[in-house]
1. Which value in deg cm²/dmol, rounded to the nearest 500, describes the helix-derived mean residue ellipticity at 222 nm for chain A, given -39,500 (n - 2.57) per DSSP H run of n ≥ 4 and division by the residue count?
2. If N is the number of residues in region A:24-124, what value comes out of its Cα radius of gyration divided by 2.2 N^0.38 Å?
3. May I ask for the angle, rounded to the nearest 10°, between helix A:228-241 and the longest principal axis of chain A, with both axes built from Cα atoms and the value confined to 0 to 90°?
4. Relative contact order (percent) for region A:1-114, with alpha-carbon contacts under 8 angstrom and 6 or more residues of separation?
5. Ignoring solvent entirely, what values of log10 I(q)/I(0) come out of the Debye formula for region A:337-430 at 0.12, 0.21, 0.24, 0.25 Å⁻¹ when each Cα is a single scatterer?
6. Average projected area of the Cα convex hull of region A:357-400, in nm²?
7. Suppose R0 equals 22 Å. What FRET efficiency, 1/(1 + (r/R0)^6) with r the Cβ-Cβ distance, do residue A:429 and residue A:490 give to the nearest 0.05?
8. Could you tell me the distance between the Cα centroids of region A:153-182 and region A:26-95, to the nearest Å?
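Each value in this text was obtained by applying a stated rule to the coordinates, not by laboratory testing. The structure displayed is predicted, hence computed values, not measured ones. FYI the Cβ positions are ideal-geometry reconstructions off the backbone, even for glycines, and counts take in every protein chain you see.
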RNA sequence: GGCCCCGUAGCUCAGUGGAUAGAGCAACAGCCUUCUAAGCUGUGGGUCACACGUUCGAAUCGUGUCGGGGUCACCA
């Protein structure tokens with residue numbers, strides 16, 4: 001049980017004893033005490049005054065006395081300022097907590113419960129490589145999966161690949177027309193970039209043709225429709241739907257190139273999936289669903305044959321589910337997949353990591369499920385995240401202002417190399433160790449930069465800020481970890497064969513303020529995981545681990561571990577150091593970030 | 001226009017009912033013969049967009065206004 005929970009229940013119990021009234025945790029607040037006051041935790045008394053008909057002074061005194069009396073082992077003292085009852089936790093309790101948990105790699109994590117959750121993320125199109133926006137998506141998806149696991153859930157990571165549609169055909173047509181049989185191998189290009197280049201080529205050609213047609217006096221709208229390259233593309237989409245062998249073959253070949261490229265990037269990012277869905281398969285599921293909905297009257301058909309659902313009663317609009325020609329639209333496949341997911345995996349929650357421009361779309365999906373009487377409609381959670389914008393404005397693929405994922409990773413890794421070489425601390429590293437370190441630092445910086453902001457908020461990607469390795473950054477935390485490991489190595493070395501009995505007896509010296517603060521922060525880790533899981537918000541973990549690292553660095557400069565004032569202090573500080581390192585590693589792992597032993 | 005999200009220091013962000021609103025970056029001033037200075041300490045910097053309301057107490061809750069964004073496609 002966490003300190004906060006303990007204090008809450010002790011308070012409830014004491015209030016009952018004093019006044020004969022039952023309160024719940026929600027009726028009063030237990031906060032951390034602000035640094036300018038004495039104490040560790042604060043009970044805010046104001047909300048209790050009216051129901052108890054007491055003055056703050058009396059209530060504080062009575063409650064403080066009783067708490068101290070009944071839990072003399074736990075609390076050491078209290079003070080009352082205005083309506084705030086500040087409580088101090090005894091050194092013994094803190095020292096105990098340390099002794100029992102300092103070496104527990106699972107500290108703060110919950111045991112597995114029966115909750116099954118699927119997290120769908122990344123979900124790329126197969127016509128162009130991944131970009132900065134995908135990175136935010138992937139990092140959030142991975143991190144929330146790890147956080148939910150740490151909170152005791154059984155998690156399945158999935159991705160839906162958007163592998164069919166007009167955009168894919170565009171790349172295919174351009175390749176047919178302009179590639180002369182070139183392949184990623186023959187041009188030494190990463191597969192997803194290779195295919196993406198033909199997507200760009202298509203648009204260039206398309207624009208050129210439109211310009212020509214307009215020059216010949218055609219209205220722009222007509223020109224857009226009649227451009228030969230577009231007509232060919234539309235024909236290809238039809239051929240694809242009809243399963244024309246040459247088209248299918250080309251489609252498989254080009255998607256194969258893209259997947260190979262994606263896999264490389266995923267591997268470098270350290271991300272993976274338990275299940276990959278393909279839209280080319282799921283859209284059929286959706287079509288069957290629409291058929292059923294038509295039969296039971298949930299949907300209706302217009303004269304042109306298109307199928308609709310009326311969601312105006314729920315405050316939404318009429319929504320198209322199937323085109324007049326019977327082909328499916330975006331939402332069609334989602335309806336099919338949602339059912340499959342819940343039935344195959346027996347999910348308690350299905351999380352979709354998708355950009356916030358699709359909030360409306362996801363509301364429609366939920367409402368459709370509700371209307372069809374699907375029991376899982378309310379178990380759909382849209383983890384929406386804001387767009388990543390550049391300092392110069394939005395990313396637009398048409399204007400070439402997209403930040404490519406692979407380029408960005410290279411740049412971050414290069415930067416970490418440059419920084420490290422400038423500092424000159426790693427002269428004894430092998431080639432292999434150096435390479436690994438640069439990846440760890442570069443990716444760490446990038447992941448932390450994108451995860452430290454609340455997903456819901458849109459964020460601005462500032463290239464200079466993102467490669468900063470000081471302050472509120474991944475490398476700052478990695479550095480703190482490496483520093484602790486360095487202390488531990490030194491201490492071990494110095495002791496040689498001497499055995500330091502780290503689990504020795506009682507704490508007799510007073511804990512210093514920084515020591516207390518650190519232990520209390522360490523204790524909070526479990527609550528942090530709970531909060532991050534409940535809010536589906538990795539930035540909670542990022543903020544916590546930064547504050548922890550910051551605090552440790554202050555402690556580090558103030559107090560020596562290896563040359564502590566006494567053997568007892570040395571042991572306490574070693575325990576604090578080990579536990580801080582353990583929790584930094586654990587928390588960073590929840591963010592998908594590795595920590596180096598040395599840097 | 002309807003609906004949704006956002007507005008906190010020069011910049012990027014925490015804080016979502018409690019005490020004198022906090023970090024990082026940037027600026028300035030200090031700290032390496034002592035466990036890694038990718039660090040630490042300090043200074044300056046705020047009408048929490050605005051107004052009214054609820055409350056013992058509001059950056060936080062409600063209503064309205066202004067500003068920014070998203071969405072309302074037989075696009076995905």
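1. Result for chain A, helices only: -18500 deg cm²/dmol.
2. It is 1.51.
3. 70 degrees
4. Result for region A:1-114 is 21 percent.
5. -0.67, -1.02, -1.18, -1.23
6. Mean projected area for region A:357-400: 4.1 nm², to one decimal.
7. The pair residue A:429/residue A:490 has a calculated efficiency of 0.75.
8. Taking the Cα centre of region A:26-95 as reference, the centre of region A:153-182 is 61 Å away.
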